[in-house]
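K.L.:
Dumping the structure here so I can ask a few things about it.
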Amino acid sequence: MPLTVAIVGSGPSAFYAAEALLETGEVAVDLIERLPTPFGLIRGGVAPDHQHTKRVEKSYTRIAQSAGVRFLGNVEVGRDVALDELRAAYDAVVLATGAPLDRALGIKGEDKRGVYGSAAFVGWYNGHPDFAALAPDLNTTAVVVIGNGNVAIDIARVLVKTPAEMTETDLVDYAARAINASPLTDVYMIGRRGPVEAKFTNVELREMGKLADCAPLVDAADLPATVEGVMPDRDRRVRERNLATLREFAAQEPGARRKRVHFRFFLKPVEILGGARVEGIRLENTRTGGKLDLACGAVIPAIGYRSQPIPGAPFDAARALAPNEDGRVAPGLYAVGWIKRGPLGVIGSNKPDGDIVAKRIRAECPPANRPGPAALDKLLIARGVRVVSFADWLKIDAAERATAAPGAPRRKCTRIADMLAAIEP
Ligand code: NAP
């Protein structure tokens, strides 16, 4: 008798959980995904010019096509099926729903037109159906990106790359048009702490020094001579490398490049300025307390993501995650990835979560002859839900690849209705 497991979500954490479960013995795993498309942040979050990172989709495809695994897209837990119904039908349920929402800055003026959280903005340029209609107003010469993480750097890079640099990407058409039409010349990356505390990884930071028409600008006075403090060797090495890269940027002549990314540190946002729409941002120097107003037409807080409660599952609103003890949320209910740990870590960080949860499920939820996948199928048919199978997804994938611009890997479908139309016979 197979162990039946429903995994809610189909991003990296979901696939690593499915893979780990496959390794434990006979299983029937259903990946239940709200969108018609799989892969979560690999499709909707990873930057369109980081196609090498997206290659991991190949191994997820192998997992999805393994005996015992099914993908059920276009099925939303809480809308099409209740979590309790899944918990009754399967031996175990795993929440792998990530952190799809933006955290708020919590400052005055945040509700002005022209403030776009990073989840929305990244979702927009990646063609995520939830954000395809965002239509950010980029009719401005200056954009401020708040935060010193990899998401902030992704956003800055996508905004300043030339059309030629974006040819071999899957940046969606409407975003390419808006970015290319924008008079943008200056992107300000604002860190509330110093260059040593910045969270971007060195490969991503170095990329900012290799852009065709954009100069990275750093004030040498912001850079300390050494990395001070007690920390693991690995962290020290990352910080030393970042500092060395920032020193190179500070020493560079900007030349005649048309765009600039300004790395500014020790500045805390205190107010977004303007009338109905953004005209600037007030920053406070965290060392001197002095205030600085920067004129800009858009502010993109890239200050970390937030998980969304799953109807019927425990949720810790303060920490914005499913409270769990090493992956176990409640009897038969588990969590992996960002809904388990919060929005930190790279794709590979999800692998150990999958291993832990698979071992725990095997030990704690012996197969109990529950109706499992058959029960879910029956419910979804009765409710008239158009389930998108993995074979259906491959049709959407093929349609996207077939219509790609020269050099690009695909032309993304950004509307659910178009995705469903692509799979109709
Ligand atoms: P992150 O790495 O946690 O960075 C968030 C940044 O926002 C930090 O600099 C943080 O500063 C700042 N911040 C938080 N609250 C703030 C506030 N109220 N005001 C001003 N600044 C604030 O998060 P992320 O960039 O969203 O990335 C999430 C995870 O995905 C990370 O682990 C990241 O490495 C990973 N990722 C990786 C890649 C890649 O490998 N290429 C690409 C994208 C994302 P403090 O440090 O002071 O808190």
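K.L.:
Does Ala399 fit the bill of being in the same structural domain as Lys54 (by TED's automatic domain parsing), more than 16 Å from the ligand (Cβ to nearest atom) and either touching a residue at least 60 places away in the same chain (Cβ under 8 Å) or farther than 28 Å from Thr53 by Cβ (or both)? Show your work before the answer.
P.N.:
Numbers: in the same structural domain as Lys54 (by TED's automatic domain parsing): yes; more than 16 Å from the ligand (Cβ to nearest atom): yes; either touching a residue at least 60 places away in the same chain (Cβ under 8 Å) or farther than 28 Å from Thr53 by Cβ (or both): no.
Against the criterion (in the same structural domain as Lys54 (by TED's automatic domain parsing), more than 16 Å from the ligand (Cβ to nearest atom) and either touching a residue at least 60 places away in the same chain (Cβ under 8 Å) or farther than 28 Å from Thr53 by Cβ (or both)), Ala399 does not qualify.
K.L.:
I would also like to ask the following. Could you say whether any residue in segment 338-346 is under 23 Å from Gly68 (Cβ atoms), of a type outside the set (Val, Ile, Thr) and in contact with a helix residue (DSSP H, G or I) (Cβ under 7 Å, 6 or more places away or on another chain)? Break it down stepwise before answering.
P.N.:
Taking segment 338-346 first, the residues under 23 Å from Gly68 (Cβ atoms) are none.
No, segment 338-346 has no match at all.
K.L.:
Among the residues in segment 352-365, are any assigned to a loop (DSSP other than H, G, I, E, B), among the hydrophobic types (A, V, I, L, M, F, W, C) and at pLDDT 95 or above?
P.N.:
yes
K.L.:
Pick out the one residue from Ala132, Ala82, Ala96 that is touching a strand residue (DSSP E or B) at 6+ places or on another chain (Cβ under 9 Å) and among the small types (Gly, Ala, Ser).
P.N.:
After ruling out the rest, the residue left standing is Ala96.
K.L.:
Among the residues of segment 323-361, count how many are more than 15 Å from the ligand (Cβ to nearest atom), touching a residue at least 40 places away in the same chain (Cβ under 8 Å) and either surrounded by fewer than 24 Cβ atoms within 10 Å (Cβ to Cβ) or not assigned by TED's automatic domain parsing to the domain that holds Ala28 (or both).
P.N.:
So the answer is 5.
K.L.:
Quickly run through segment 166-179 and pick out the residues that are of a type outside the set (S, T, N, Q) and open to solvent by 50 Å² or more (accessible area, probe 1.4 Å).
P.N.:
Glu168, Asp173, Tyr174, Arg177
K.L.:
Which of (1) open to solvent by 10 Å² or more (accessible area, probe 1.4 Å); (2) out of contact with any Phe, Trp or Tyr (no Cβ under 7 Å at 6 or more places or on another chain); (3) not aliphatic (A, V, I, L, M) is the odd one out, the single condition Gly149 does not satisfy?
P.N.:
All conditions are met except number (2).
K.L.:
Counting only residues that are more than 14 Å from the ligand (Cβ to nearest atom) and assigned to a loop (DSSP other than H, G, I, E, B), how many does segment 300-318 have?
P.N.:
10
K.L.:
Can I ask one more? Could you tell me whether segment 156-163 includes any residue that is in contact with a strand residue (DSSP E or B) (Cβ under 8 Å, 6 or more places away or on another chain) and within 22 Å of Val29 (Cβ to Cβ)?
P.N.:
No, segment 156-163 contains no residue that is in contact with a strand residue (DSSP E or B) (Cβ under 8 Å, 6 or more places away or on another chain) and within 22 Å of Val29 (Cβ to Cβ).
K.L.:
Sticking with this structure for a sec: Would you confirm whether any residue within segment 110-123 is under 23 Å from Arg43 (Cα atoms) and assigned by TED's automatic domain parsing to the domain that holds Glu33?
P.N.:
Checked segment 110-123: no residue is under 23 Å from Arg43 (Cα atoms) and assigned by TED's automatic domain parsing to the domain that holds Glu33.
K.L.:
Of the numbered conditions (1) open to solvent by 10 Å² or more (accessible area, probe 1.4 Å); (2) within 23 Å of Arg34 (Cα to Cα); (3) of a type outside the set (Val, Ile, Thr), Asn126 fails exactly one; give the number of that condition.
P.N.:
The single condition Asn126 does not satisfy is (1).
K.L.:
Within segment 131-163, which residues are charged (D, E, K, R), touching a helix residue (DSSP H, G or I) at 6+ places or on another chain (Cβ under 8 Å) and either assigned to a loop (DSSP other than H, G, I, E, B) or closer than 20 Å to Leu105 by Cα (or both)? Walk me through it before giving the result.
P.N.:
Quick first cut of segment 131-163, residues charged (D, E, K, R) only: 137, 154, 157, 161.
Next cut, touching a helix residue (DSSP H, G or I) at 6+ places or on another chain (Cβ under 8 Å) only: 154, 157.
Residue satisfying the conditions is Asp154 alone.
K.L.:
Let me ask something else about it. Anything in segment 277-291 that is of a type outside the set (Val, Ile, Thr) and surrounded by 15 or more Cβ atoms within 10 Å (Cβ to Cβ)? List them, or say none.
P.N.:
Those that are of a type outside the set (Val, Ile, Thr) and surrounded by 15 or more Cβ atoms within 10 Å (Cβ to Cβ): Glu279, Gly280, Arg282, Leu283, Glu284.
K.L.:
A follow-up question, please. What's the total number of residues in segment 30-54 that are more than 15 Å from the ligand (Cβ to nearest atom) and free of Cβ contacts under 8 Å to residues at least 24 places away in the same chain?
P.N.:
Counting residues in segment 30-54 that are more than 15 Å from the ligand (Cβ to nearest atom) and free of Cβ contacts under 8 Å to residues at least 24 places away in the same chain gives 0.
K.L.:
Right, next: For segment 180-208, how many residues are under 23 Å from Gln51 (Cα atoms) and open to solvent by 10 Å² or more (accessible area, probe 1.4 Å)?
P.N.:
Qualifying residue count for the region: 8.
K.L.:
Also, I was wondering about something else. Of all residues in segment 259-276, how many are open to solvent by 60 Å² or more (accessible area, probe 1.4 Å) and within 28 Å of the chain's Cα centre (by Cα)? Before you say what the answer is, go through the steps one by one.
P.N.:
Step one: list which residues in segment 259-276 are open to solvent by 60 Å² or more (accessible area, probe 1.4 Å), which gives 260, 264, 268, 276.
Those still in the list that are within 28 Å of the chain's Cα centre (by Cα) too: 260, 264, 268.
Of the residues in segment 259-276, 3 are open to solvent by 60 Å² or more (accessible area, probe 1.4 Å) and within 28 Å of the chain's Cα centre (by Cα).
The values are calculated or read from the model by the stated rules, or taken from the named source; none is laboratory data. What you are looking at is a predicted structure, and each value in this text was computed from that prediction instead of being measured. In this analysis, Cβ positions are derived from the backbone assuming ideal geometry, glycine residues included, and neighbour counts consider all displayed protein chains. When the accessible area is computed, the model is the full protein with side chains, heavy atoms only, and any ligands, DNA or RNA have been set aside. Shrake-Rupley method; radii C 1.70, N 1.55, O 1.52, S 1.80 Å.
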